[in-house]
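Below is one structure, written out as structure tokens; comments come after it.
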Amino acid sequence: MSLSPAPLGDAAAAGTVGPGVALAIASGLALLGYVWVGLLRARPDEGQAPTRPPLRSVPPMALAWTAQFVALFIDISGFGLVTPGARFGFAPALSMTTWLVLTVYLIESRFLPLHSVRRVLAWLAAAAVLLAWSFPGESRPLAASPWAPLHWVLGLASYGLFGVAVLHAALMNRAESRLRHKQAAPGATSGQMPLLQLERLTFQFVAAGVGVLSLAILLGWWFTPTWRWDHKNLLAVLGWLVLAGLLVGRRIYGWRGRRATRWLYAGAALLLLSYAGSRFVLEVILQRGMNGGGA
């Protein structure tokens, strides 16, 4: 489970930085940046729903976001490894998911009040970076099909979309709870996104995630020579059914509120167990990789 870059002695002799050192530097910078943002306390005027995040948190967040991307590129691409091929595991998958969620957050926060989740996302991203640093991906051979990389990319994109949907659903549940306890007026923002806008964005991300996941599953079935109903594929299809059922239930029966978010959480949990969970068992508990398997 240790890092297996090209020999650092050769890299040092050539005057270059080895991939293990580069990964450590990028991961360290990302970790420091996210911890910095996580430790920042909100000022009294930050509850006035400004249109942009506080400037003091922008540089460390941008640095951490960029450094996390560099670390993911080094880790997943297998940069500098003696054996060619991609390298992937449960921890890089979680780190990539948090990076995609943060990407959407950084875009949305320029136009919408999302400051209440900034510190939470920073701590989650810091944990994901530390986990990916501790458990780098397993080296895997080049894919037999040219469609395999697209399948992996689409799978990761669906993870990110559902992660963003879960984030918005959690904010929606919080806003509903505040309204029930009469802590905010229905149309008030007070640093929070309006409830109807949260609900609309949540289901937009769910619909996009279902579409991307559908393509990923179809490509996986298409390029895999012998499709097996193993635990990974079974959980992925079950997750797709739950999330597609959520969209159907909302369309036909008008599901909303906590009923809808429970379906979303259940579907997202199944997808998380599908890849990250199975890889965690294989890499950490059983301490072995899956050679040549699909993502």
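The values are calculated or read from the model by the stated rules, or taken from the named source; none is laboratory data. Just so we're clear, the structure is a prediction, and the values are computed from it rather than from any experiment. Methodologically, a virtual Cβ is constructed for each residue, glycine included, from the backbone with ideal geometry; neighbour enumeration extends over all protein chains shown. SASA here: full protein model, heavy atoms, side chains in, ligands and nucleic acids out. Shrake-Rupley method; radii C 1.70, N 1.55, O 1.52, S 1.80 Å.
Numbers at a glance
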{"item": "Neighbourhood net charge (13 Å Cβ-Cβ; Lys/Arg +1, Asp/Glu -1) for Y265", "result": "+3"}
{"item": "Extended-chain gain in nm, criterion 0.36 nm per residue less alpha-carbon gap, R258 and Q204", "result": "17.8 nm"}
{"item": "Accessible-area order (highest first, 1.4 angstrom probe) of the listed residues D75, D230", "result": "D230, D75"}
{"item": "Protection proxy ranking of 243-254, 91-102 - average other beta-carbon atoms within 10 Å, highest first", "result": "91-102, 243-254"}
